[in-house]
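Here is the structure we will look at, set down as structure tokens.
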Amino acid sequence: MNPKIERIIYIGIIVVLAGLLLSFGKKDLQLRKQIPLTVEELYKKLGNPKINIQVIDVRPYEVSEEEEDEAEDTDYYSGVHIPGAIPLPDCDESKAPEKALPQISPYIPTVIVSKDGDPEIFKKCSKKFPFAQNLKGGMVAWDEEGYPEDEGEYEPPAAGGGGGCL
């Protein structure tokens, strides 16, 4: 066979296989967005230093004075939050603390945490984070399982830190 024709055939096969690979990757991302992550799965991922994942907390940052008497700790970020979670109330940068904004990356696999795993806020946030999954049951489920929690204001991680956050 002519070497030029053989080369064209090989390049054609490579192009077809690359297209299939990209198509399967896109489908995989779509499916992952549809399947929420359980609190147990998130806990295991956060404890593994080889897995790079960010947790975005979309609950209000602080409780308002009007709601202070009736609010539960799981209603707002500074009440209780997953260790290492980055506050991004309502998935809106203008509502986030200034020191949290540099920590947010749309290119890292992301878990969106709302109070109860609200699919509407997840849908809104998943537009900003292409590699996002919703936390099934949200912060309420995390709290009920008794996994570690932090409370208070957001503190960015120290430079040069390593390992899992739990």
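The values are calculated or read from the model by the stated rules, or taken from the named source; none is laboratory data. The structure presented is a predicted model; accordingly, all values stated were derived computationally and were not measured. Using ideal geometry, Cβ is built from the backbone for each residue, glycine included, and neighbour counts are taken over all protein chains shown. With ligands, DNA and RNA removed, areas are computed over all heavy atoms of the protein, side chains included. Shrake-Rupley method; radii C 1.70, N 1.55, O 1.52, S 1.80 Å.
Tabulated values for the structure
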{"read-out": "Summed residue charge, Cβ within 13 Å of Ile121's Cβ, Lys/Arg positive, Asp/Glu negative", "value": "+1"}
{"read-out": "Accessible area, probe 1.4 Å, largest first, for residues Leu135, Leu17, Leu29", "value": "Leu17, Leu29, Leu135"}
{"read-out": "Exposure of Asp73 as accessible area (Å², to 10), given a probe of 1.4 Å and all protein chains", "value": "80"}
{"read-out": "Among Ala132, Ala100, Ala71, residue whose mean-square fluctuation peaks in a GNM of the chain (springs only between Cα atoms under 10 Å)", "value": "Ala71"}
{"read-out": "For Tyr61, distant residues with modelled amide H under 5 Å away", "value": "Tyr77"}
{"read-out": "Residue-normalised accessible area of the chain, given per residue in Å² at a 1.4 Å probe", "value": "64"}
{"read-out": "Given charges at beta-carbon only (K, R positive; D, E negative), |dipole| of the chain in Debye", "value": "2280"}
{"read-out": "Relative contact order (%) - criterion: Cα under 8 Å, at least six apart; region: region 1-137", "value": "28"}
{"read-out": "Carbon and sulfur %, accessible surface of the chain computed with the full protein complex present, 1.4 Å", "value": "54"}
{"read-out": "Long pairs among Lys50/Lys123; Lys45/Lys136; Lys45/Lys115; Lys44/Lys127; Lys33/Lys128, criterion Cα-Cα beyond 18 Å", "value": "Lys50/Lys123; Lys45/Lys115; Lys44/Lys127"}
{"read-out": "Top of Glu66, Glu155, Glu41 by mean-square fluctuation, Gaussian network on the chain, Cα under 10 Å", "value": "Glu66"}
{"read-out": "Long-range amide H partners of Val113 with built H, under 5 Å", "value": "Ile56, Asp57, Val58"}
{"read-out": "The chain: calculated mean residue ellipticity at 222 nm from DSSP helix runs of at least 4, using -39500 (n - 2.57)", "value": "-11000 deg cm²/dmol"}
{"read-out": "Largest-first ordering by accessible area, 1.4 Å probe, given options Tyr10, Tyr43, Tyr76", "value": "Tyr10, Tyr43, Tyr76"}
{"read-out": "Relative packing of 22-28, 1-7, which averages over residues the other C-beta atoms within 10 Å, highest first", "value": "22-28, 1-7"}
